Amino acid sequence: SSAIDEPVVHDGEWRLLDVRRAWSENASDRSLVAWSWWTGDDELALLAVVNLATTRSQGYVRLPFAPLAGRTWSLDDQLGPERYERDGSDLVDRGLYVDLGPWGHNLFQVR
């Protein structure tokens, strides 16, 4: 089954997410767009991140979901090989660091 068939896409809340600079001299975060679908339960979300630039871009995608805090979460890219384990409190406070090549993208299932 594809990610678009996931119940969270149909039943969850869609939200555009903030992307912040990875470091002060790097404005490439402006080329990153991120959004999520979330149902509010432990089957958290899908998280999409796209680089709309012809150059590499970095930034932190903040996940403003308080229930993430205090747990470790797995982020599995549904479109590629990336798999990460991240602290939920860090995802809420600082965000998920992303570094994507030109026109790069991720679609993470967050569990």
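The values are calculated or read from the model by the stated rules, or taken from the named source; none is laboratory data. Given the structure is predicted, the values throughout are model-derived calculations rather than measurements. Ideal geometry is used to build each Cβ from the backbone, glycine not excepted, and the neighbour counts take in all protein chains shown. These area figures cover heavy atoms from the full protein model, side chains too; ligands, DNA and RNA do not enter into them. Shrake-Rupley method; radii C 1.70, N 1.55, O 1.52, S 1.80 Å.
Which of the residues spanning segment 54-72 are buried (at least 20 other Cβ atoms within 10 Å of the Cβ) and assigned to a strand (DSSP E or B)?
Ser57, Gly59, Tyr60, Val61, listed by residue number.
What residue, of Tyr84, Tyr97, is more than 19 Å from Val9 (Cα to Cα), open to solvent by 80 Å² or more (accessible area, probe 1.4 Å) and part of a strand (DSSP E or B)? Before the answer, list the steps.
Values: Tyr84 fails: open to solvent by 80 Å² or more (accessible area, probe 1.4 Å).
Of Tyr84, Tyr97, the one residue that is more than 19 Å from Val9 (Cα to Cα), open to solvent by 80 Å² or more (accessible area, probe 1.4 Å) and part of a strand (DSSP E or B) is Tyr97.
Of all residues in segment 15-39 being at pLDDT 95 or above and β-branched (Val, Ile, Thr), which is nearest to Gly88 (Cα to Cα)?
Among them, the one singled out is Val19.
From the residues in segment 1-14 that are in contact with a strand residue (DSSP E or B) (Cβ under 7 Å, 6 or more places away or on another chain) and in a helix (DSSP H, G or I), which one is modelled with the lowest pLDDT?
The first filter runs over segment 1-14 and keeps only residues in contact with a strand residue (DSSP E or B) (Cβ under 7 Å, 6 or more places away or on another chain), leaving 3, 6, 8-9, 12-14.
Add one more test, that the residue is in a helix (DSSP H, G or I), and what stays is 3, 8-9.
On the way: Ala3: 70, Val8: 77, Val9: 75.
Restricting to residues being in contact with a strand residue (DSSP E or B) (Cβ under 7 Å, 6 or more places away or on another chain) and in a helix (DSSP H, G or I), the top hit is Ala3.
If I filter segment 87-98 for residues that are among the small types (Gly, Ala, Ser) and out of contact with any Phe, Trp or Tyr (no Cβ under 9 Å at 6 or more places or on another chain), do I get at least one hit? Walk me through it before giving the result.
Here is the first cut: in segment 87-98, the residues among the small types (Gly, Ala, Ser) are 88-89, 95.
Narrowing the set further to residues that are out of contact with any Phe, Trp or Tyr (no Cβ under 9 Å at 6 or more places or on another chain) leaves 89.
Within segment 87-98, one or more residues are among the small types (Gly, Ala, Ser) and out of contact with any Phe, Trp or Tyr (no Cβ under 9 Å at 6 or more places or on another chain).
Do we have any residue at all in segment 25-37 that's in contact with a Phe, Trp or Tyr (Cβ under 6 Å, 6 or more places away or on another chain) and surrounded by 15 or more Cβ atoms within 10 Å (Cβ to Cβ)? If you could, list the steps in order and put the result at the bottom.
Filtering segment 25-37 for residues in contact with a Phe, Trp or Tyr (Cβ under 6 Å, 6 or more places away or on another chain) gives 37.
Narrowing the set further to residues that are surrounded by 15 or more Cβ atoms within 10 Å (Cβ to Cβ) leaves 37.
The answer is yes, given that some residue of segment 25-37 is in contact with a Phe, Trp or Tyr (Cβ under 6 Å, 6 or more places away or on another chain) and surrounded by 15 or more Cβ atoms within 10 Å (Cβ to Cβ).
Output yes when any residue across segment 40-47 is under 18 Å from Arg94 (Cβ atoms), open to solvent by 20 Å² or more (accessible area, probe 1.4 Å) and out of contact with any Phe, Trp or Tyr (no Cβ under 9 Å at 6 or more places or on another chain), and no when none is.
No.
Quick one: is Asp18 out of contact with any helix residue (DSSP H, G or I) (no Cβ under 7 Å at 6 or more places or on another chain), closer than 15 Å to Leu96 by Cα and open to solvent by 80 Å² or more (accessible area, probe 1.4 Å)? Talk me through it step by step, then tell me what you get.
Working: out of contact with any helix residue (DSSP H, G or I) (no Cβ under 7 Å at 6 or more places or on another chain): yes; closer than 15 Å to Leu96 by Cα: yes; open to solvent by 80 Å² or more (accessible area, probe 1.4 Å): yes.
Answer is yes for this residue.
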